[in-house]
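Below: the structure, in structure tokens.
The values are calculated or read from the model by the stated rules, or taken from the named source; none is laboratory data. Small disclaimer: the values here were computed from a predicted structure and weren't measured. All Cβ positions, even for glycine, are placed from backbone atoms using ideal geometry, and neighbour counts span all protein chains on display.
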Amino acid sequence: MRIGHGFDVHRLAPERRLILGGIHIPYHLGLLGHSDADVLCHAISDAILGAAALGDIGQHFPDNDAAFKDISSLLLLSKVLELIEQQHMRLYQVDSTIVAQKPKIAPFVKDIRLSLAQTMKIPVERVSVKATTTEGLGFTGRGEGIAAHAVVLLND
């Protein structure tokens with residue numbers, strides 16, 4: 001068994017869609033980034049890469065490569081899973097936390113879990129998605145950005 005941890009953060013900005021775990025969350029701001037800036041998929045991808053000792057998503061999908069401009073982070077997550085499969089590893093479980101003051105994430109958690117489970121080809125019962133606030137503290141508390149943490153378990 002291998003364990004990996006991932007963390008990502010993106011700034012909230014106007015004229016961007018808010019995508020978390022591949023699901024569009026209706027909100028007047030979205031996450032700013034080279035891809036669709038899905039912090040949850042990025043944190044999970046980094047956790048998987050970390051568990052496999054394969055670096056991080058920036059090494060595999062650099063933000064100066066036009067091929068990844070506005071790309072779906074679910075597609076990047078799929079490519080990460082291909083990398084670990086080439087190393088004869090499999091994703092077993094994901095536990096993740098989204099840190100955002102607003103919008104409320106709870107109404108979307110079921111859909112996010114289903115989206116991730118389908119992309120990662122594991123049972124939804126092995127995909128945990130939680131959400132929390134920082135009680136108004138820090139950049140997430142001020143509504144400047146959203147962060148995500150993820151821990152994964154791989155079998156090799």
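Quick notes on this structure:
- Sole residue being outside any loop (DSSP other than H, G, I, E, B) and not β-branched (V, I, T), chosen from S96, S35: S96
- Candidates R90, R113 - the one that is within 16 Å of the chain's Cα centre (by Cα) and not aliphatic (A, V, I, L, M): R113
- Looking at L31, L76, just one residue is within 17 Å of G4 (Cβ to Cβ) and either among the hydrophobic types (A, V, I, L, M, F, W, C) or exposed (fewer than 14 other Cβ atoms within 10 Å of the Cβ) (or both), and that residue is L76.
- Of D70, D46, all but one fail to be closer than 30 Å to E15 by Cβ and outside any helix (DSSP H, G or I); the exception is D70.
- Test: residue in the range 109-119 that is at pLDDT 95 or above, of a type in the set (D, E) and under 19 Å from I23 (Cβ atoms): yes
- Residue match in the range 74-84 (condition: farther than 15 Å from H149 by Cα, at pLDDT below 95 and out of contact with any Pro (no Cβ under 6 Å at 6 or more places or on another chain)): no
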